[in-house]
Amino acid sequence: MPRRSTGSSIRLIAAAMLAGASAPVLAQATAPADAGPAQQAPTVADLQRQIDELKAMVAALQAQQAQAGPPPALATAPVPAGTPVVAQATAPGSAQPAAAPAAGDPRLAEATPPKPKAKAWYEKLRLRGYTQLRFNQIVSGDADAPAGISRLRTIGDSEVRPDNNFSFRRIRLIIQGDVNDHLSLYFQPDFAAAVSNQSAGERREGTVSLRDMYADVFPTGDKAFRIRLGQSKVPYGWENMQSSSNRLALDRTDAINSAASGERDLGIVAYYTPPKVQKIWDRLTADGQKLFGNYGAFGFGAFNGQGLNRTEGNDGVMLVGLATWPFELDGLGLDGQVFEIGGSVMHNRIRPEVRTGGLSAASFKDERVNLHAILYPQPIGIQAEWNWGTGPEFVPASGRIEERPLDGGYVQLMGKIDKSPIGPFYPFARWQYYRGGFKAAINAPRLETEELELGFEFQLDPALEITTTYGFAKRKEADERRFGQAEGQILRVQAQWNY
């Protein structure tokens, strides 16, 4: 016969004895009601005898198990905290605990599960992205004009022009992930960029442009503090830091974006986010608020200063700093609402491109200070930002680039409606103003912008957003050879899908 384990034998014997004992019990239960004590006494005595025999057999088997040692699987299996150990811990009739397997015992190696294999760094990366398809239509106004006169154009979207219909504004693919506790990677190209001068000045669409390529280093393993190496966003201006996939208005404002067109440069920057601030931002994100992204409550960086994907033009560096802090307003009776305030500074010297080719011979002062404030909509909020400074600007009277003052910003009123027949709904109205040079264009032309934009965004699905805007604009074209302000109205529609 096959050999049974000791534990199994105990259970079988106990079951058999209890089954045998059931007969007297049944007889006792069904005895006539008038049965006397003399008739019931033998039944009770027989039951007590069988119980005593069962106890003796169990005790003998427990002693045998203690002498032979526990089975390998049971000897090495982990025991939950607080679970009493009977036969394995102490043999009956002995004060000595049963012997446990020693280190190196083959039974221990057999029962211990192997450690999971660590993932390779490329297995920790993930792929995501978004695409923006736009339709721009100049409804009325100066869609075209004679030479020397400004046409209705924007610096945020070159496809605002009379001969355009549909266009891709952004096609982004992002690869990111943690290599280990001290290093993470972020890579973002854009497949909707355009380049000129390919064939007698003809424009080419759908080219690839590098947006971000950086590594985040966490010296202490604490992600509250990071050092970012590579090409990344310049920490200047709340709106500039906010992702275009998360912004309500289709384009950034001229006043803020002119500080760092393309928002990025090559360099090194350090960010720090206190846990208290991160907790507030996490709550706002879960609530569906449109934040600027985790670029730190405090950031300070050094960059080339020439601009996105441009060769450095001098031996100086651009220094930039940003600070922002959210305040919960529950103590003021505004439960759940958050007010955020902060600012940023920029110190730089730049050599703009000139129309005769190459860069200007001299470097020009490029310095700014910025203030921002946001009351997150619950359901109504307001956002405002303004900056002042000095930068390069082409002066028609002298026919050359000079250092000139600049100022401008925006005010935006916005709402947040979580439930509607078409999904989450975000109406907004934004007014912007700017007077100053645009260093990213040839000869750093002067911009004179005033625009009121009304719009709304709704989310048919978490992966699909539709934004529609209608703008009333007065703009000077970003070309030093054209003068005056063009006026007109612009209808714009964008579909964005996230993946």
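Couple of notes before you dig in:
- Relative contact order computed over the range 121-498 (Cα-Cα under 8 Å; 6+ residues apart), in percent: 16 percent
- Sorting the Cα pairs of the range 296-422 by distance into bins of 5 Å, from 0 upward, gives 2, 9, 14, 15, 15, 12, 10, 8, 7, 5, 3, 1, 0 percent per bin.
- GluC sites (Glu not before Pro) restricted to DSSP loop in the range 194-270 with at most 14 other C-beta within 10 Å: 202
- For residue 489 and residue 179, the FRET efficiency from 1/(1 + (r/R0)^6), where r spans their Cβ atoms and R0 equals 45 Å, is about 0.35.
- Size descriptor, Kirkwood hydrodynamic radius, that averages inverse alpha-carbon separations across the range 357-417, Å: 14.3 Å
- Separation of the residue 403 and residue 311 label points, Cα + 7 Å toward Cβ, nm: 2.6 nm
- Modelled spin-label separation between residue 139 and residue 335, with each label point placed 7 Å from Cα along the Cα-to-Cβ direction: 4.1 nm.
- Taking only the C-alpha atoms of the range 157-221, the Rg (one decimal) and the largest Cα-Cα distance, Dmax (whole number), read 17.3, 55 Å.
- The gain in end-to-end length when the residue 327 to residue 207 segment is fully stretched comes to 38.9 nm, 0.36 nm per residue minus the alpha carbon separation.
- Residue separation of residue 223 and residue 302 scaled by 0.36 nm, minus their Cα-Cα distance, works out to 26.4 nm of gained length.
- Subset of 439/476; 223/290; 290/474 violating a 18 Å alpha-carbon distance limit: 223/290; 290/474
- Extension gain for residue 498-residue 115 works out to 134.2 nm (0.36 nm per residue, less the C-alpha to C-alpha distance).
- P(r) tail, the range 240-340: Cα-Cα pairs separated by more than 19 Å, 54% of all pairs.
- Using the alpha-carbon positions of the range 121-498, Rg (one decimal) and Dmax (whole number) come out as 20.6, 64 Å.
- Mean separation of Cα pairs under 8 Å and 6 or more residues apart, divided by the residue count, gives the range 123-212 a relative contact order of 26 percent.
- Residues of the range 210-239 with amide N under 12 Å of the 7 Å Cα→Cβ point at residue 125: 214
- Spin-label model, residue 247/residue 355: points 7 Å from Cα along the beta carbon direction are separated by 2.8 nm.
Coordinate-derived values only; no laboratory data. These figures come from a predicted structure and were not determined experimentally. Ideal geometry is used to build each Cβ from the backbone, glycine not excepted, and the neighbour counts take in all protein chains shown.
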